[in-house]
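Here's the structure we're looking at; comments come further down.
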Amino acid sequence: MIATEPATTRWARLARRLGLDRNPLRRRIDHAHTCIMAGLLAAFLIGAPLSAILGSHLERAAGQRVWQAQQTWQRVPAVLLQSAQPDPYVVYGSALTAWVRARWTAPGGSAHTGEIPVSADKPAGSTVRVWVDSTGHAMGTPLSRGQINSRVLAAAVFAPLGIALLLLTTAVVASVVLEHRRLREWETAWVSIERQWSRRS
């Protein structure tokens, strides 16, 4: 039969590891280290869910604005003014593309010229269709509801990770600074004790 450890003993051991016991050998800097780590942990437990809620809310609001703006977009024909030269370093979507100058007419009748992404095998004079907004400016491919929801989910996940990274960095820096100060205090105490021993000898 395996003997179970009493709960009081487990709590005492946990308190000792966390520096929460009343050990007279613990110095003020040790208690400061414990308080800082506890404060950072509390900040994460509070800030992580709040950042997830805030991040997803802001991203959802931004996605809603984009979705509403996209409802005014239209596809119009655009004529390429130059051949699309393949660029191995430019990938738009899932195909190799090139940015070339093109000319198109907005739904209101105004003429526009600008660079648009097209397949890298399109010659000059080719006609492609491009999304434009209500003012006639060329836009990218509209986002789907699924893409907007994915961005909201990503914001809810990465916002707490950012908080965790910031607090972890703070904890590491605080530990390094306190450790250097702890070593200096040990050196000062050792010098004082060494002088007393030297006088006795």
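The values are calculated or read from the model by the stated rules, or taken from the named source; none is laboratory data. In this text the structure is predicted, and so the values were computed from the model without any measurement. So basically every Cβ, Gly included, is an ideal-geometry build from the backbone, and we count neighbours across all protein chains shown.
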Please state which one of V132, V172 is out of contact with any helix residue (DSSP H, G or I) (no Cβ under 6 Å at 6 or more places or on another chain) and closer than 30 Å to I36 by Cα. V172
At pLDDT 90 or above and not in a helix (DSSP H, G or I), is that true of W67? no
Suppose we filter segment 146-172 for residues that are loosely packed, with under 12 Cβ neighbours inside 10 Å and under 25 Å from T97 (Cβ atoms); how many remain? 1
Please go through segment 33-83 and give me each residue that is of a type in the set (A, V, I, L, M) and more than 23 Å from the chain's Cα centre (by Cα), ordered by number. I36, A38, A69, V76, A78, V79, L80, L81
Can you report the number of residues in segment 125-138 which are part of a loop (DSSP other than H, G, I, E, B) and either surrounded by 15 or more Cβ atoms within 10 Å (Cβ to Cβ) or polar (S, T, N, Q) (or both)? 5
Within segment 39-57, is even one residue modelled with pLDDT under 90 and surrounded by 14 or more Cβ atoms within 10 Å (Cβ to Cβ)? no
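Every residue, every condition in (1) free of Cβ contacts under 8 Å to residues at least 24 places away in the same chain; (2) out of contact with any strand residue (DSSP E or B) (no Cβ under 8 Å at 6 or more places or on another chain); (3) within 30 Å of V79 (Cα to Cα); (4) small (G, A, S), yes or no:
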| position | (1), (2), (3), (4) |
| --- | --- |
| E115 | yes, no, yes, no |
| S119 | no, no, yes, yes |
| G125 | no, no, yes, yes |
| L143 | no, yes, yes, no |
| S150 | yes, yes, no, yes |
| L153 | no, yes, no, no |
| A156 | no, yes, no, yes |
| I163 | no, yes, no, no |
| L168 | yes, yes, no, no |
Just checking, does segment 48-67 include any residue being β-branched (V, I, T) and over 27 Å from S134 (Cβ atoms)? yes
Would segment 121-134 turn up any residue that is among the charged types (D, E, K, R), under 33 Å from the mean Cα position of the chain (by Cα) and under 29 Å from Q85 (Cα atoms)? yes
Quick check: is even one residue across segment 85-94 at pLDDT 85 or above, within 28 Å of L143 (Cβ to Cβ) and not in a strand (DSSP E or B)? no
Count of residues meeting criterion [touching a Gly at 6+ places or on another chain (Cβ under 7 Å) and of a type in the set (K, R)] in segment 102-151: 1
